[in-house]
Structure formats: C-alpha cells, structure tokens
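The values are calculated or read from the model by the stated rules, or taken from the named source; none is laboratory data. All of these numbers come straight from a predicted model, not from anything done at the bench. Positions of Cβ are backbone-derived with ideal geometry, glycine not excepted, and every protein chain shown enters the neighbour counts.
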Amino acid sequence: MDTVVSMRELSVTESVPEDVVTLVREARQVVALSGAGMSAESGVPTFREVQRGLWERFSAEELATPDAFEADPALVWTWYRWRQALIAAVEPNPGHRALAAWQRHLADQGGWLAAVTQNVDDLHERAGTDVLAHLHGSITTHRCADCQEPVEVPAPAYDGFTVPPEPEQPPRCPACQEGLARPDVVWFSEMLPAEAFDAATAAIRASDLVIVVGTSGIVQPAASLPLLGLERGVPLIEINPEETGLTEVMDFAIRGRSGEVLPRLLAAAGIPLDRR
Ligand code: BV8
Ligand code: ZN
C-alpha cells in the first residue's frame, strides 16, 4: 500500500471520509470477516451479553465447550436448540443485505467478496450472501458426539424468545446407538475446520481490502486472520460501535452499528443496494 492512512475513529453522524469511500469503491477482492455483532441487530445476542433463564449462571464461553456438554448434555443441548429457534425466528438485517449486495456488485465487475464468518447462524445466507467459510461451524445441523455421523434433528419446538422452562435431552445417534447428538459448531478447545480456515487464509492473501465487522477480536485463531492482511499491506477497516482487540491494527475504525454503517458505505461508494 503506497500511503499509510492514519487510523481514524468515525461516528456514524460524520460523513464517510473520501479515502474510505475510495477504498470501498475501488476494491475488487474483498474479505468481510464478521462476528456476533453482525447479527446483533437481528436480535441475536452476542457472546459478550449475559445469558438468561436456565443459563444465567453461565457465560457463553463456559457453555460452548466439550466439557460442559459432557457434564450436562441436556443443559448445553437446550441452549443450542433455543439459540437455533431464535435464529430461525429473526431476519437478516440491513448489514447482512448490504454485504450480499456488495458481493453481487463485485461479481458483476469480475471481482469477489469472500464472506468469512465466526457466526454459527445462517443469516448471511438468508440475506443472499455466498459464505466462503463458517470458521466456527453451524448451529443448524447436528452430528453424533461419538461416531461423528450426521444426525437429522427436527426444527426446535421453542419460539426462540421465551426461555425453555427446563432442559431437554439430546437425541441418541441412530447410527451407533451410543453417542448423543451435538450441534455442528466448533467449541472452545476444538480445532477449527481446516478447509474453512484455509479458505479464509487464502482469500485474505488474495484480497485488496479486509472489512472486519462486529467482532471483539478476542477469539483465536479467527481474530488473527486480519493480521495476514496487515502483513501484506492490505487496507483494514473495522466496523464496530466499540474499540476491539483489533482496533490498533486497523487503517480505519468506523464507530457505528453494522446495520447502519454498511449501507451508508455502499451508498457513498455508489454500490447499488438491493431494496428488498
Ligand atoms: C482452538 C461456536 C486449537 C460455538 C465459538 C485454553 C484452552 C483451549 C483453547 C484456548 C485456551 N485459551 C485460549 C484458547 C483459544 C480459544 C480462545 O480464543 N479463547 C478465547 C476466549 C480467548 N480458541 C479456541 O478454543 C478455538 N480453538 O484454539 O483450537 C486448540 C485446540 C486444543 C487446545 C488448545 C487450542 C475455538 C474457538 C471457537 C469457539 N466457538 N463459536 C457457539 O457459537 O456457541 S466462538 C464464539 O465466540 C462465536 O462464534 C464468536 O466467534 C465468539 C464471540 O466473538 P465475537 O463474534 O467477536 O462476538 P463478541 O460477542 O465477542 O463481540 C461482539 C462484538 O460485536 C463486540 O465487539 C461488539 O462491540 C460488537 N457489536 C455489537 N453490536 C454491534 C456490533 N458490531 C457491529 N454492529 C452492531 N450492531
Ligand atoms: Zn453415533
């Protein structure tokens, strides 16, 4: 990158500075790395928020582990089924739709936008985005905790808003009759799916712009991906209402909500937003 642009903190009320608009307008190979903040405006709680009901005594980090599932399969299973119901009950927000529109626009120009998400929800897909990598898996599919065979599980009975009164047992695996069904997510201390992480790494290595949206930059190794862009001098833009573990390596930190900032960035860069 010729000029080192200074890191700026912009509030949403200020107009987007020309050099950010130029970066967005001229980029042809974009990586968008999204975290829980991307889905927050759809009503999906982030990992930083406290849990309610059955799980109020636990942090998300305590529940999203193999040990927690081992210790109390019903509690952890029910937490995921309730989250899956909540995700099914909400809609993609304007931030998700802006990324989908940007991806279509770049494809029309012979470029690409690689969506790399830490989120286990399917809101990017439901907004029309092709997701390159779900670094932390997916809450919508399940497998056997023992033999790893996929397990078909009907949609959860919960409405996603009222917290279930008591936990339910995960179903037994029909293939081995031994193991319990678990969500296809990556728990803490579990390895990320190699093909997802490798695809994300390759995309950043080929990118000319990296946008980091709605992530606290705490969870590794996902949080280190933007540093691959830094090594190559690729411009890095963060969109987050708050400072994060990645802010100091950003060229621009736009302080605002993704559902507001992404549409404004695209509009300023003359990228058509599909009006759904
Ligand atoms: C690994 C799926 C190798 C499950 C998730 C000790 C032992 C073992 C491992 C470790 C250890 N110490 C550290 C580690 C590594 C560990 C780690 O990073 N721990 C952290 C807590 C320090 N990582 C791992 O274990 C990974 N695996 O390392 O394997 C290994 C193997 C064996 C032994 C050692 C190492 C696996 C990590 C994956 C965990 N699974 N999810 C589930 O969803 O239930 S991570 C989960 O938390 C989410 O997927 C997400 O990635 C993460 C939360 O992060 P964010 O997405 O950033 O969300 P967060 O809530 O933090 O922040 C929200 C942000 O949004 C905030 O900044 C907020 O300001 C912003 N925001 C809010 N509203 C908006 C907004 N932004 C924009 N617009 C808005 N409207
Ligand atoms: Zn099994």
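At-a-glance table
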| item | result |
| --- | --- |
| Selection within the stretch 138-177 - closer than 20 Å to residue 64 by Cβ and of a type in the set (Phe, Trp, Tyr) | 158 |
| Positions within the stretch 159-207 being within 16 Å of ligand 1 (Cβ to nearest atom) and of a type in the set (Ser, Thr, Tyr), in sequence order | 189, 201 |
| Selection from the stretch 141-200 of residues that are of a type in the set (Asp, Glu), within 30 Å of residue 224 (Cβ to Cβ) and within 15 Å of ligand 2 (Cβ to nearest atom) | 184 |
| Residues located in the stretch 222-237, provided they are among the hydrophobic types (A, V, I, L, M, F, W, C) and surrounded by 19 or more Cβ atoms within 10 Å (Cβ to Cβ) | 222, 223, 225, 234, 236, 237 |
| Any hit, the stretch 221-244, residues being among the β-branched types (Val, Ile, Thr), in contact (Cβ under 8 Å) with a residue 40 or more places away in the chain, away from ligand 1 (no atom under 16 Å from the Cβ) and assigned to a loop (DSSP other than H, G, I, E, B) | yes |
| Residue among 133, 107, 114 that alone is under 19 Å from residue 204 (Cα atoms), without any contact (Cβ under 8 Å) to a residue 12 or more places away in the chain and either more than 16 Å from ligand 2 (Cβ to nearest atom) or under 10 Å from the mean Cα position of the chain (by Cα) (or both) | 107 |
| Residue match in the stretch 117-126 (condition: free of Cβ contacts under 8 Å to residues at least 40 places away in the same chain and outside any loop (DSSP other than H, G, I, E, B)) | yes |
| When residues of the stretch 140-158 are limited to those that are within 16 Å of ligand 1 (Cβ to nearest atom) and touching a Lys or Arg at 6+ places or on another chain (Cβ under 6 Å), the one farthest from residue 200 (Cα to Cα) | 156 |
| Qualifying residue in the stretch 238-254 (condition: among the β-branched types (Val, Ile, Thr), within 17 Å of residue 117 (Cβ to Cβ) and crowded, with 23+ Cβ neighbours inside 10 Å) | yes |
| Test: residue in the stretch 190-212 that is free of Cβ contacts under 8 Å to residues at least 60 places away in the same chain, within 18 Å of residue 60 (Cβ to Cβ) and part of a loop (DSSP other than H, G, I, E, B) | yes |
| Test set (1) touching a Pro at 6+ places or on another chain (Cβ under 6 Å); (2) surrounded by fewer than 17 Cβ atoms within 10 Å (Cβ to Cβ); (3) of a type in the set (Gly, Ala, Ser) - residue 259 fails condition number | (2) |
| Output for the stretch 24-83, where each listed residue is of a type in the set (Gly, Ala, Ser) and within 16 Å of ligand 2 (Cβ to nearest atom) | none |
| Residues that are hydroxyl-bearing (Ser, Thr, Tyr), at pLDDT 95 or above and in a loop (DSSP other than H, G, I, E, B), drawn from the stretch 43-102 | 65 |
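Quick grid of which residues meet (1) touching a strand residue (DSSP E or B) at 6+ places or on another chain (Cβ under 6 Å); (2) among the aliphatic types (A, V, I, L, M); (3) without any contact (Cβ under 8 Å) to a residue 40 or more places away in the chain; (4) more than 12 Å from ligand 1 (Cβ to nearest atom):
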{"site": "12", "(1), (2), (3), (4)": "no, yes, no, no"}
{"site": "18", "(1), (2), (3), (4)": "no, no, yes, yes"}
{"site": "25", "(1), (2), (3), (4)": "no, no, no, yes"}
{"site": "44", "(1), (2), (3), (4)": "no, yes, no, no"}
{"site": "57", "(1), (2), (3), (4)": "no, no, yes, yes"}
{"site": "80", "(1), (2), (3), (4)": "yes, no, no, no"}
